[in-house]
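Report on the structure given below.
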Amino acid sequence: MIGAILDRLRSARGMRRARLEAFGAIVHLAWPRSLVFVDRVMARRVTRVAGEPAIWQGSEPAVGERVLSAPLEAHLQITNRCGAGCQGCYTGASPDGAPGEWGLAEWKRALDELAAAGVFHVALGGGESASVPWLGELADHARARGIVPNLTTSGLEGLDALVAIAGRFGQINVSLDGLGPTYAAVRGFDGFARADEAIRRLRAVKREVGINVVVTRHNFAELPELFAYAKQRRLSEVELLRFKPSGRGAAAYRDLRCTDEQHRAFLPTVLAATKRHRVRVKVDCSYTPMLAHHSPDRALLAELAVYGCTGGDFLVGAKADGRLTACSFMASPPERPRVTELRSYWERSDAFGAFRTWRTAQEPCASCDYHELCRGGCKVVSAHVTGDASAPDPECPRVQAHRPRVHLPVL
Amino acid sequence: MKRGRILAIKWGMNPNSSSLGVDVTFLLVGATALAMATPLIGALLRWRKAPVDPAK
Ligand code: SF4
Ligand code: SF4
């Protein structure tokens, strides 16, 4: 046991990297898998920083006080081709894909740019990313540039090829929005058996395999069973995603979004399932208002890097034609630079619009104890429901208590 | 000599290509478990200095 741990530590030793930030540095540990944020004093002790870096001039801010020097991770939609036709697909994927989709050469250049900026991880998605014939070569290129490639797949296409290259990825999650008939209720067709097969075959060759669950009103009651399933299949994590009104999901929003009661019950439900089944749980950034509703220790949230809407700061997205976006759920205007121009766009004062101006918040966010972490909730939901991406998240329980006249679609 | 501080630890890797996933398992066990893990991470960090990339 101790020998195995030491072996993992030794093999991970050469894979650590660090990036300086105004508050100090972020160190990437390959084992245990983590990004560690340290202050300037500790950064001097644990990184090979020399002299007095320009980024450390001036006072030492807290984490989150200033935009990071580059995103932690980039979400690359390497294709928008997919034949599944899920009713809530946030990218509106189709068998034809998107106009002007990039190929391998462009995505390799994108990875070069991301590496030059200091990005640690990429999440490759689609469409169905596993159907892309050059996926393995792209993953190799990311590794060669010091970036860890991670992947989301539906498990419905390209499985044989993916199983053969699974080891090249850090973490692979399969989208699984329900067991048996619930899968069909959420996605609009019965794909559970195929997704389950993909999970079993990937898990047979790789330890770091999990499931992504888009939580809707139809599968909320089934969350404990999904955790039991993850335990039974020996999966490394369950990642829970709030339903976003984006792509085909905009039309399906009123039928699929969780009820307000479900949102208020989200955290206790999830923690109880985690405790019972002993499976790690991740929640996406848009769930921070539902966590804040239960008044968790703010210092603990900050120590766990639990932030809300950090699009255009901690994360960045690129559409299938390379256009940058603060968050993959957000549309990207045609004139938006490509991800190969990330570093120059990142520094612009108008970059990413409302995602960077969250400090000028309306009530009740302005006076909320969690605003520094949450940043006003999910801008995709705000934009869809209120027409204003900078408006307080209308699904946040505190926002609902403050403005009872915010009318969400009738449930 | 000042030792410096670990400010935050973001656990795991995010495969989700649409939003940022954070591990909230620690909310179950609370600050005590994290306080126990942090010195171990600190020791690992000091074990070998990480190269800084990109040069700023
Ligand atoms: S809009 Fe913000 S909170 Fe919503 S998914 Fe994107 S980054 Fe996360
Ligand atoms: S009131 Fe605003 S800042 Fe506070 S939890 Fe709700 S959305 Fe987040």
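Read the figures in this text as sums done on the coordinates, not as results from a lab. Treat the numbers as computed from the prediction; the structure is a model and nothing was measured. Reconstructed Cβ throughout: ideal geometry from the backbone, glycine too, with neighbour counts over all protein chains shown.
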Cβ density ranking, 10 Å radius, fewest first, applied to A:Ser390, A:Ser295, A:Ser382, A:Ser349 yields A:Ser349, A:Ser295, A:Ser390, A:Ser382
Any idea how far the Cα center of region A:99-155 sits from the one of region A:232-303, in Å? 27 Å
Which value in nm describes the separation of the simple spin-label points at A:Asp260 and A:Arg234, placed 7 Å from the Cα toward the beta carbon? 4.6 nm
Partner aspartates and glutamates for A:Lys319 [C-alpha distance under 14 Å; skip if fewer than 8 residues away on the same chain]: A:Glu101, A:Glu106, A:Glu128, A:Glu335, A:Glu341
Around A:Tyr183 (Cβ within 14 Å, Cβ-to-Cβ, excluding A:Tyr183; K/R +1, D/E -1) the net charge comes to -4
Residue order, fewest to most surrounding Cβ atoms within 10 angstrom, among B:Arg48, A:Arg145: B:Arg48, A:Arg145
For the protein assembly as shown, size of Cβ-based charge dipole, Lys and Arg +1, Asp and Glu -1, in debye: 1600 debye
Around A:Val339, with a cut-off of 13 angstrom between Cβ atoms, what is the net charge of the other residues, counting Lys and Arg +1 and Asp and Glu -1? +1
If each residue's Cβ is checked for other Cβ atoms within 10 Å, how do B:Met13, A:Met330, B:Met36 rank with the fewest at the top? B:Met36, A:Met330, B:Met13
Scoring only Lys, Arg, Asp and Glu (+1, +1, -1, -1) among other residues with Cβ under 12 Å from the Cβ of A:Val385 yields +2
List, in the order given, every pair from A:Lys231/B:Lys2; A:Lys231/B:Lys10; A:Lys206/B:Lys49 whose Cα-Cα distance in the structure shown is over 32 Å. A:Lys231/B:Lys2
I need two numbers for region A:257-411: Rg to one decimal and Dmax as a whole number, Cα atoms only, in Å. 16.4, 49
Ordered by residue, what ³J(HN,Hα) values in Hz, to whole numbers, does region A:72-79 give under the Karplus form 6.51 cos²θ - 1.76 cosθ + 1.60, where θ = phi - 60° and Gly and Pro are x? 6, 9, 10, 9, 9, 8, 6, 7
Taking a ≥ b ≥ c as the square roots of the Cα gyration tensor eigenvalues, with a/c under 1.5 meaning rounded and otherwise prolate when a/b beats b/c, else oblate, which class fits the protein assembly as shown? rounded
